[in-house]
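Quick notes on the structure that follows.
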Amino acid sequence: MAADYDEVRSDVKESQENSLEALKTANAPDAHSVVLELDQADGLDQDGPGGEFISEELIVQVIPQADDEFTCFSCFLVRHRSQIAREKDGYSYCIECEG
């Protein structure tokens, strides 16, 4: 007897129909109610993601560029003069950017 291997088995077909019916009868929210819930949630987050603003001042010490350093015109990192690969039109390029 020849078997049709492309045909869906009866137990699989039955479970697919049952899950489709379950989805149709489920109490899924409509798109309008979801948008309203999201808008209400956004209204509650007035203070920021952590719930409160912290007034904190950041103190950073800025060290000026030394005489033996340069700023690469390609990557804008401050590097030691020994890493200069090329100088063109008054701009210096580091070994990594030229490599």
Fill in the blank from the handout: The extension gain from residue 82 to residue 63, computed as 0.36 nm times the residue separation minus the Cα-Cα distance, is 4.9 nm
Exercise for the section: Name the residues whose placed amide hydrogens come within less than 5 Å of the amide hydrogen of residue 74, ignoring near sequence neighbours (fewer than 5 apart) on the same chain. Expected result: 94
Exercise for the section: Could you rank the peptides 57-66, 31-40, 77-86 by their average count of other C-beta atoms within 10 Å per residue, with the highest value first? Expected result: 77-86, 31-40, 57-66
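Read the figures in this text as sums done on the coordinates, not as results from a lab. The structure displayed is predicted, hence computed values, not measured ones. Glycine also receives a Cβ, built like all others from the backbone with ideal geometry; neighbour counts cover every protein chain displayed.
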